[in-house]
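Step one of this worksheet: look at the structure below.
We did not get these values from a lab; they are worked out from the coordinates using the rules stated. Fair warning: this is a prediction, and the values are worked out from it, not measured in the lab. Cβ sites come from the backbone with ideal geometry, for glycine too, and all protein chains shown count toward neighbours.
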Amino acid sequence: MIEPEEGVPTILNLSEISEREREEEEKVVDIVREFGAENLIYCMQCGSCAAVCPLARVGFEWYNKKLIKALLLGLKEELLDDPTPWACVACNRCTEVCPRRVSPFEVMFAVRRMMVEEFAIPTLAIEGLRALYEYGHAVYMTGREARKKVGLPEKPPSTDSDEKALKDLKTILRNTKLAELGLIPMND
Amino acid sequence: MSNDEKPKIGVYICHCGENIAGAVDVKAVAEFAKTLPDVVVVRDYLFMCSDPGQELIKQDIKEGLVNRVVVAACTPRTHEPIFRKACEDAGLNKYYFEMANIRDQCSWAHWHEKEKATEKAKVIIASAVAKARLLEPLEDRYIDLKKEVLVIGGGIAGIFASLDLANAGFKVHLVEKSPSIGGNMAKLDKTFPTNDCSACILTPLMVEVANHPNINLLTYSEVESITGSVGNFKVKVRKKQTYVDWNKCTGCGACLDVCPPKARVPDEFNEGMSLRGAIYIPFPQAVPKKAVVDMNACIKCGGRDFSGKEPRKSKSGKPILAPCERVCPTGAADRTPYRDPNGEIVELEVGAIIVATGYKVMDKSYFKEFSPHHPNVITAMQMERLISATGPSEGKLIKPSDIPKLLEAKKKGEKIEVEKPKTITFISCVGSRDNRYHTYCSRVCCMYMLKQAMILKEKYPDLDIYIFFIDVRTPGKEFDEYYMRCRQLGIKIIKGRAGGIQVLPGDKLLVKGYDAEVCRPVEVITDIAVLATAIEPDNTLRDLARTLGINVGAEGFLKERHTKLYPVDTMTEGIFIAGCAQGPKDIPDSVAQAKAAAASAMSLLEPGKMTVEPLISEVDKEKCTGCGVCVPLCPYGAISLVKHEDKLKSEINPALCKGCGVCTAACPSKAITLHGFTYEQVLAQIKTIAKWPEIQT
Amino acid sequence: MIADVVKNESKNEGKLKYGLFLGCNIPFNRPDVEQAMRKIFPALGVEIDDLMGQSCCPTWGTMPSIDIVAWCAVAARNLCLGEEKGIDLMTACNSCYGSLNEARHKMLTNPDILKSVNDILSKIGKKYEGRAKCRHVAWVLYKDVGLERIKESIKYTLDDITIAVQPGCHFLWPSEVYPDKEEDPFNPKVLRELCEVLGAEAPYYSKLVDCCGMGALRSTDPEKSFTLVKEKLECIKEELDADLIVTTCSSCLIQLDDAQERLRKSGKLNFSIPVLHYVQLLALCMGFDPEQVAGISVTPRDEIIDKIINKR
């Protein structure tokens, strides 16, 4: 593909995309189906999902409907740098209105999973994973004044105050794909 | 009730819901109608055609209040028979009825000028009353119906219409212009939505037609002329010259291969993708399987030209034979006897006609933006032939540009390998939904593109297939499921009709499109581009319609009497239409329409006779001067000059007269009366209208 | 489908007892919501268990974005804590409600996933049978406690107060995965009725079911996120002129409360509507200490609390 000038959209050469899939011996559609978006192929591009999608509303590039079409065409590289899938609020209103049971939410998340394999993952997500592993809470705060102010014990009855439970959780996480990917340090 | 009884006219004004009352002040019109001469009763009602509405009329007749009826309502085209019947049921001669159309010609037309509409309704009613005062009682006539049917066109619609009629015991004459029946369907590989093999389901029907005792199959024939009318059409059919003795031809095909290269022309059955000889059988499953000689292509080998001459070799004196004659095992191809190039005229008499002449596929050459000169840019019909086992590549998917190479090798008995296509791209709505060509949707293209794509993808899973759609239309039973299956197979659907095809070096094509879903221009490098060109009326359809006296619509297809209620009838009684001659449609719809047309013809002819309105012309022999002006004017050949008291006088055959009134208007001596529209009646109407608004006061 | 797998769901026969699933935002960001629950449920006769050792549900940006089995394994450990005690979980956070129930739905409809999850759980000596599920506090109050009981237990009523309700996305969608379902998820009634039983008006408004813009959207692009919350707040102001916004989701609570004040301070909003989680509102009506059950907010709520308690 000839690189276009800055700001000029690329012409999508579908034959080149198809050729790349052939060389890699894996279709993008099959990858995301494997990652949970099984029903992707039933999409008929009706647009109901985009009509209710908060991301489409506020102007993200690859919102549900458009993302699905891109995947059906075999686009992948073009999507890796895009923040859209990571902005999905997982509201699932798309799933509720989809007439073909595609679950566009699952597609968004399947793409996240595909991007993770390519290490295209936002820093914030990495930090959340690290906190989950270290403390058992993705959102974790050390300052406990608020809890004391409302008359609660400093620590909630969670992994935060249960070492055995935190150890269990770490064992679980070390036996998942998170460990295979090596995204975060996972010491015992 | 006697004729000379003083007219007592009842005027019945219909509101037609809001249709009339919404624009016409019905009460005011009713008050006015009461002032008209001889009007004794005026009533208005919400729906005069309803049971209670008709009852009002019947009651007044039965009670002797009225003896002439005027209904001011909608159109006589649909409602006159209903009100006539009401009169008849109440014991009044039904021709003592007159209808005033104050809806179609008044309230609808002047919806926004209510006052004027009311005034116009008054004029129309006054004029109808003026005529009603002069009405005469008439008696219905009956004509005998010929229980035979002419079916024109031997495609799937014509075949089904013929079989249904023949099975019901009617004699059918099936006229097909090609040497074989089968039509366009015979060219198809498989048929949506179940992918039945077209030949497998069609061939047995073709054979059934050929063997049916009630079907007189006339292939390679065309309708020359038609006279007469419903129940008694006289048809002349020209059987074209085949130049082969069909009584002897066994369809063995020996002659096909020996026809020399110079006499070879593009093969219609393969949509021009291969060549056939001048002597040919259209396709392997042809019915009847007989050879014909295409005189435009024949080079008359050895001077063998059917002129009756017998050229002989100068030395040996042996007769010179053309290659086809030489190999013919039965002598069917014998070129010695004289054969009339005009063929032969067959005369038929039929009670009804079904027109099922089909369609043609639009040629690719119109669409310059898609590089139609390139052999690998093909129409979808060509793709059908390309994937068909009886096609030029025997069903093997190759690039059309490789066909000549392949055929050449086959001739030499060699085997060659040609490059397999990797990508196929379909483009929808080529010539349909297009103001430059046809504004209509061709209805079958979405489905046949999906069908071809599906067949190809299932057979060659590695193939990349793209379909450029404006939008996918699948409104049929099991159609959308079919479409979704294509998507699931990985056929790539691009929303947006492609805008161009450019030829790349090395036989490849670049399709330029825009994907409206990812909002980007897209390009596809393809080996074959398939254009879903429009279905259009055959070039000869307009002429045939003229011959038959039926109408064609703006788009060139045959026009039905009513889009919804009379979809297989025409404005000419006794002539029915079916299949794609009426408009683009798929096989299930064509068959359904064919069966509907057959059933309509049956219900028309089965009683053996039919009622005819007595509204026909009659000659007053005393007044007639025998000038003969009327004779050539009659479009039905109903008038002749006959001896009457030593003088020639006009005489009208009531069986042939259709009551058109041409003779009546033309007669210089006013000797011809058109019953139901007499001079006196028409003049009374005109005078009433002409005097308006004077008589209103 | 679920019924085939789960022969014997956890039942709270006779007594009402739930494992209080806190999640992350409630215990660390909005502990007043936790305190509200700890006050109201015992007072309404509902026993709560601490579910010692619970963790993050896991939330959307973590395991669900990595791998389905990993997501389900973390969720299953949390569910096991209830299942082991024969009780269901109960949460006041829509994200937890969504993540736990979606994970459960996946495990119950796909035996392969459940098997992989239990293979992992076996390393810590646990097994998830599919019995325990996660209930939403709003549903527990509506269905199990009942509107009558709530009405009897309150000290203050909300006369002349108009509430804009915000059930939140994961309270509604996808309805397929949730143990309790609104009859019409596009016109939800549960939270409106819960507010009405306190004496308030809680009318429908056109953006009632629209997303507040919280979650990943806010962390990815705050400006775009604020567009959504601003639209929602303006709709509430224009159509209802509400005195109060009440939600059943801790994420919505933070977004509507925190983002509202940011918008107001940057001059993009010229009004202010206090926001409460429903359990906080109920706790106030039941007469619990406002400092403890509703003491943390960005958008000022003193005035409305004063109005409720002192009828001013």
> Stokes-Einstein at 10 °C, 1.306 mPa s, Kirkwood radius from Cα pairs: D for chain B in µm² s⁻¹?
Replying inline: 53
> Listed here are the pairs B:K147/B:K289; B:K240/B:K300; B:K360/B:K399; A:K76/C:K127; A:K69/B:K364; which of them are more than 27 Å apart at the Cα?
Replying inline: B:K147/B:K289; A:K76/C:K127; A:K69/B:K364
>> How shielded is A:51-61 by partner chains, expressed as the average number of their Cβ atoms within 10 Å of its Cβ atoms?
In response: 5
> Taking B:K116 as the anchor, which aspartates and glutamates have their alpha carbon closer than 18 Å to its alpha carbon, excluding any fewer than eight residues away along the same chain?
Replying inline: B:E18, B:D25, B:E31, B:D104, B:E694
> Label B:N167 and B:C197 with points 7 Å out from Cα along Cα→Cβ: what is the distance between them in nm?
Replying inline: 2.4
> Once the Cα atoms of helix A:123-135 and of chain A are each reduced to a long axis, what angle between those two axes, in degrees from 0 to 90 to the nearest 10, is obtained?
Replying inline: 30
>> Just to verify a number: FRET efficiency for B:S640 and B:E349, C-beta to C-beta distance, R0 = 22 Å, to 0.05?
In response: 0.65
>> For a quick check, take a GNM of chain C with Cα springs below 10 Å and name the residue from C:D119, C:D184, C:D88 with the largest mean-square fluctuation.
In response: C:D184
>> Please list, in order, the residues from the range B:585-623 whose amide nitrogen is less than 13 Å from a point placed 7 Å along the Cα→Cβ vector of B:K670.
In response: B:623
> In peptide C:74-84, how many Cβ atoms from other protein chains are near each Cβ within 10 Å, on average?
Replying inline: 2
> In the structure displayed, which of B:K177/B:K451; B:K262/B:K412; B:K368/B:K508 lie more than 21 Å apart, Cα to Cα?
Replying inline: B:K177/B:K451
>> So if I place +1 on the C-beta of Lys and Arg and -1 on the C-beta of Asp and Glu, and nothing else carries charge, what would the dipole magnitude of the range B:433-515 be about its Cα centre? I want it in debye, nearest 20.
In response: 220
>> Taking each residue in A:129-138, count the Cβ atoms of any other chain within 10 Å of its Cβ, then average. What number comes out?
In response: 6
> Taking a point 7 angstrom from the Cα of A:T171 along the C-beta vector, which residues in the range C:107-138 have backbone N less than 20 Å away?
Replying inline: C:114-130
> Toward the positive end of the charge dipole of the protein assembly as shown, about the Cα centre and with charges on Cβ (Lys, Arg +1; Asp, Glu -1), which of B:Q105, B:M206, C:F226 goes farthest?
Replying inline: B:M206
> Taking the mean number of other Cβ atoms within 10 Å as a proxy for protection, how do you rank B:566-578, C:191-203 from highest to lowest?
Replying inline: B:566-578, C:191-203
> Of C:L141, C:L269, C:L281, which has the largest mean-square fluctuation in a 10 Å C-alpha GNM of chain C?
Replying inline: C:L269
> Say each of B:M295 and A:M186 gets a label point 7 Å from the Cα, pointing the same way as Cα to Cβ; how far apart are those two points in nm?
Replying inline: 8.9
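From Cα pairs below 8 angstrom and at least 6 apart in sequence, can you work out the relative contact order of chain A, rounded to a whole percent?
Computed value for chain A: 18 percent relative contact order.
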> Cα gyration tensor of the range A:1-135, axes a ≥ b ≥ c as square roots of the eigenvalues: rounded (a/c below 1.5), prolate (a/b > b/c) or oblate?
Replying inline: rounded
>> Students often get this wrong: which residues of the range C:289-312 have the backbone nitrogen under 20 Å from the point 7 angstrom along Cα-to-C-beta of C:D160?
In response: C:301-312
> For C:P290, what charge total do you get from the other residues with a beta carbon under 10 Å from its beta carbon, if Lys and Arg give +1 and Asp and Glu give -1?
Replying inline: -4
> At B:E310 and B:R326, where each label point lies 7 Å from the Cα along Cα→Cβ, what is the point-to-point distance in nanometres?
Replying inline: 2.0
>> Could you give the length gained by full extension between B:K609 and B:K6, i.e. 0.36 nm per residue of separation minus their alpha carbon distance, to one decimal place?
In response: 213.5 nm
>> Taking 8 Å as the Cα distance limit and 6 or more residues as the minimum spacing, I'd like the relative contact order of the range C:147-310 as a percentage.
In response: 27
> chymotrypsin sites (Phe, Trp or Tyr not before Pro), restricted to the range B:211-306: which are DSSP loop and have at most 11 other Cβ atoms within 10 Å?
Replying inline: none
> What is the helix-to-structure angle for B:679-691, meaning the angle in degrees between its Cα long axis and the longest Cα principal axis of chain B, kept from 0 to 90 and rounded to the nearest 10?
Replying inline: 80
>> Running a GNM on chain A with Cα contacts under 10 Å, which residue among A:A51, A:A165, A:A87 ends up with the highest mean-square fluctuation?
In response: A:A165
> Counting other Cβ atoms within 10 Å of each Cβ, which GluC sites (Glu not before Pro) in the range B:372-413 have at most 15 and sit in a DSSP loop?
Replying inline: B:E394
> Helix B:156-167 versus the longest principal axis of chain B: what angle, 0 to 90°, nearest 10, using Cα atoms?
Replying inline: 60
> Computed on alpha carbon atoms, what radius of gyration and Dmax characterise chain C, expressed in Å?
Replying inline: 19.2, 60
>> How much length would be gained if the chain were fully extended between B:C519 and B:T625, taking 0.36 nm per residue of separation minus their Cα-Cα distance, in nm to one decimal?
In response: 30.0 nm
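Highest mean first, how do C:89-101, B:253-265 rank when packing is the count of other Cβ atoms within 10 Å averaged over residues?
Packing proxy ranking, top to bottom: C:89-101, B:253-265.
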> Do any chymotrypsin sites (Phe, Trp or Tyr not before Pro) in the range B:1-85 lie in a loop, going by DSSP, with at most 15 other beta-carbon atoms within 10 Å of their beta carbon, and if so which?
Replying inline: B:F47
>> Placing +1 on the Cβ of each Lys and Arg and -1 on the Cβ of each Asp and Glu in chain B, which of B:T664, B:P179, B:G228 has its Cα farthest towards the positive end of the resulting dipole?
In response: B:P179
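Two decimals, Cα atoms only, Kirkwood Rh: what is Rg/Rh over the range A:84-171?
A ratio of 1.11.
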>> Given R₀ = 30 Å, what would the calculated FRET efficiency be for B:E573 paired with B:K27, taking r from the Cβ atoms and rounding to 0.05?
In response: 0.15
> Convex hull over the alpha-carbon atoms of the protein assembly as shown: what's its volume per residue in Å³?
Replying inline: 276
> For C:M52 and A:A179, what does the FRET efficiency come to when R0 = 22 Å and r is the distance between their Cβ atoms, rounded to the nearest 0.05?
Replying inline: 0.25
>> Nearest 5 percent is fine: what portion of the DSSP beta bridges confined to the protein assembly as shown is antiparallel?
In response: 45
